[in-house]
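Report on the structure given below.
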Amino acid sequence: MIRAVIERYGTALAGLALIGFFLLFAPNFANPQNLLNILRDTSFLAILALGFTLALTVAELDLSIAEVASLCAIIAGWMVQGGQHPALAVLAALAAGAALGAFNGFGVTVLHVPSLIVTLGTAAIARGSAFMITQGVAFVGRWPTGFTGLARGNLLGVPNLVWFLAVSTCFCWGLLKWTRTGAHMIATGEAEEAARLAGIATARMKRLGLTLSGLFAAVTAVLLTANLSSAAPNMAGDYFLYAIAAVLLGMTMFEPGMPNVAGTVYSALVLKVLGNGLILLGTPYYVQDIMLGGVIIGSVAFSASVVKKVAFKV
Amino acid sequence: MMGQAMMARAMMNGETLGDRMTQSRKFLFAAAVALLLQCGSAGAFEVGIIGFQFSSETHARVANAAAAAAKANGWTVTLLNSEGSLPKHVEQFETLITKKVDAIIIAMGKPIEADAQFKEAQDKGIPVITVQSGASPHALFDIETNEYKVGADGALYLLGKMNYQGNLLEERFEFNVASRIRGKLLDDVLSENKGVTPIGKHAMARTQSWQDDVRTGMQALLLQNQGRVNGIWASFDGQAYIIDDLLRSQGLKKGQVPLVSMDGGQETYRRIADPDSSIVATVAIPFEAMGVKAVDAINTIVVKKQPASSVANGRYLFMDAVLVDADNVKQYAK
């Protein structure tokens, strides 16, 4: 019983302890504005990481998420800067993200190139395309609120970004937990051959997982671009490692060993809390990076070691 | 001696040694509390300093100098590195505002992209001073050198070294405002001096592996134009170091292909003085002095409550950049 609880919630409890620590010791951490800021900042990372989670659910790695997001941001920014209707810019960016994701799926399932390779290739193509469009110079301007409001606005007193996060989370959760497609995706990821023999269209599931990963990267890109009112090549590059960290950390909780929606979103939140809390405590930037690495390794190791101890007692 | 006298006085007043020691402890405790309170009030002034990308030496030089000056004033400093990430930059800015720091200094920031955060800081009464960032209507002012003058000084010096004739290679960086302006000034200078022909141009990409990009791009240009190059222009010193090493590996000596760039720094000065280096001059930007100036300005405006106009008139506070070559390099090299 205890073992099961620790196994499922050990890392999550460590995250809660971290939040508790900052609540007690970091000045202004509990300030509602700060908590809202954390949630807003979490949304970009969590949405991007959710896409990675879906790809990993079908046992594929999408290493192109950050570069695809950057390219989609460039497309949206380019069109808005050029005076196109914001809705058109958003649609174009989403279509580009989904298309690049679908291309990854095509590479994996039709060309039989490992996802590690094909997504690295896509990342390079996306990066090159972003620089080709921008020539290295960012699109920056005071863009229409019809576009920037997507990220900067509020609905019912709650920031739009939080709504986007909630909708994305519910979508992924619902897809994986309540639909046959979701069950097929999980089966494909857990035991591809068995799933195929059971009649599941595993190749289609893989394409779906990677396409959704690209689409979520595009959603992140649109929100980032709207929030910053600018688009620069490699603007989402910083999120790459954090998104992977969020997914891997998420795999240590709730459904240990499995990529899972709740774990990913919670881990993204904890990573953002850590960054925010350390700034509020006044720690220098290099300490933050060191602490971040330490917490990721420490929390996973703690979770694993406690499980081992409990297991030996049993 | 003083302690003995106090003890003697206490004993004369009928106090025991134990009583006196207890009182001494109380006195020491009170003094320690007072000292802590004193430290607390001195440290109560807090400044947040953000450097946009510390992997770029110039950003780190400004931010580190500002942090050192602020600490020397006894202020509490939160020093942050946005690692070249705009989203991270904005997040850090927001967190400093939530933290309610007393002032913010931003080195090489992005006032247009982070406009909402600049405005929020202004609305919440937190003064912001930027360095080499461009003006924001919501910041006090931007401390910078006149990049148009820097660009003109560098370009004219290089053309002078080439006797206003021959072929020129250019290493550009279009993403950064300062280096872009320098490039535009080079274009202007070249448009009026037709004896110098730009035969090759490479624009560095804004990636974390920019050094490799510069090396590859310039290597290709040098190969294409072997024996035809009379001068090389680089938009900042970091690029020049890489090009200098390339030229050195090809056996070129100082003066054969003059190389000029801009920024300044000890490594550049060492190379200017080095007979084996092709770097002949730089336009030295006073990065450390800019960081210190930002702290001094906050001290004047926020701590001493002097009007901002007493420090800078308008949105810019310009500082002088100096052309450093073999004639004056000893003044700058440490």
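The values are calculated or read from the model by the stated rules, or taken from the named source; none is laboratory data. Here the structure is a predicted model, which means the values were calculated and not measured. We place every Cβ from the backbone using ideal geometry, glycine too, and count neighbours over all the protein chains shown.
Here is a yes/no grid of residues against (1) assigned to a helix (DSSP H, G or I); (2) over 27 Å from B:Glu170 (Cβ atoms); (3) under 19 Å from the mean Cα position of the chain (by Cα):
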site	(1), (2), (3)
B:Tyr269	yes, no, yes
B:Pro275	no, no, no
B:Thr282	no, no, yes
B:Met290	yes, no, yes
B:Lys293	yes, yes, yes
B:Ile298	yes, yes, yes
B:Gln306	no, yes, no
B:Ser309	yes, yes, no
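For residues that are of a type in the set (Gly, Ala, Ser), at negative phi and more than 9 Å from every other protein chain (Cβ to nearest Cβ), scanning just the range A:130-163, find the one that is surrounded by the most Cβ atoms within 10 Å (Cβ to Cβ). Top of the filtered list is A:Ala130. Taking the conditions (1) in contact with a Pro (Cβ under 6 Å, 6 or more places away or on another chain); (2) charged (D, E, K, R); (3) farther than 30 Å from B:Thr95 by Cβ in turn, A:Glu60 satisfies each one other than (1).
Have a look at A:Thr211, A:Thr283 and point out the one that is over 24 Å from A:Arg40 (Cα atoms), β-branched (Val, Ile, Thr) and either within 9 Å of chain B (Cβ to nearest Cβ) or in contact (Cβ under 8 Å) with a residue 60 or more places away in the chain (or both). It would help to see each step written out before you state the result.
Details: A:Thr283 fails: over 24 Å from A:Arg40 (Cα atoms).
Matching residue, one of A:Thr211, A:Thr283: A:Thr211.
Give me a count of the residues in the range B:123-138 that are among the hydrophobic types (A, V, I, L, M, F, W, C) and under 18 Å from B:Lys99 (Cβ atoms).
Restricting attention to the range B:123-138, the residues satisfying the condition of being among the hydrophobic types (A, V, I, L, M, F, W, C) are B:126, B:128-129, B:131, B:135.
Subset that is under 18 Å from B:Lys99 (Cβ atoms): B:126, B:128-129.
Total meeting the criteria: 3.
Restricted to the range B:114-123, and to residues there that are facing chain A (nearest Cβ under 10 Å) and surrounded by fewer than 23 Cβ atoms within 10 Å (Cβ to Cβ), the residue that is nearest to the chain's Cα centre (by Cα) is B:Asp115.
Do any helices (runs of 4 or more DSSP H) entirely within the range A:203-314 hold 1 or more residues that are modelled with pLDDT under 95 and crowded, with 24+ Cβ neighbours inside 10 Å, and if so, which?
Working: elements: A:239-250, A:261-280, A:285-313.
In the range A:203-314, A:239-250, A:261-280 are the helices (runs of 4 or more DSSP H) which contain 1 or more residues that are modelled with pLDDT under 95 and crowded, with 24+ Cβ neighbours inside 10 Å.
Only one of the listed residues (A:Ile19, A:Ile74, A:Ile6) is within 14 Å of chain B (Cβ to nearest Cβ) and more than 27 Å from A:Thr109 (Cα to Cα). That residue is A:Ile74.
Just one of the listed residues (B:Thr95, B:Thr78) is buried (at least 23 other Cβ atoms within 10 Å of the Cβ), facing chain A (nearest Cβ under 7 Å), out of contact with any Leu (no Cβ under 6 Å at 6 or more places or on another chain) and outside any helix (DSSP H, G or I), namely B:Thr78. Against the conditions (1) surrounded by 15 or more Cβ atoms within 10 Å (Cβ to Cβ); (2) within 19 Å of the chain's Cα centre (by Cα), where does B:Asp320 fall short? Just the number, please. Failing condition for B:Asp320: (1).
Run down A:Leu39, A:Leu35, A:Leu94, A:Leu45 and say which single residue is on the phi < 0 side of the Ramachandran plot and more than 14 Å from chain B (Cβ to nearest Cβ).
Values: A:Leu39 fails: more than 14 Å from chain B (Cβ to nearest Cβ); A:Leu35 fails: more than 14 Å from chain B (Cβ to nearest Cβ); A:Leu45 fails: more than 14 Å from chain B (Cβ to nearest Cβ).
Within the list A:Leu39, A:Leu35, A:Leu94, A:Leu45, the selection yields A:Leu94.
The listed residues are A:Ala301, A:Ala245, A:Ala262, and the only one of them that is without any contact (Cβ under 8 Å) to a residue 24 or more places away in the chain and more than 14 Å from every other protein chain (Cβ to nearest Cβ) turns out to be A:Ala301.
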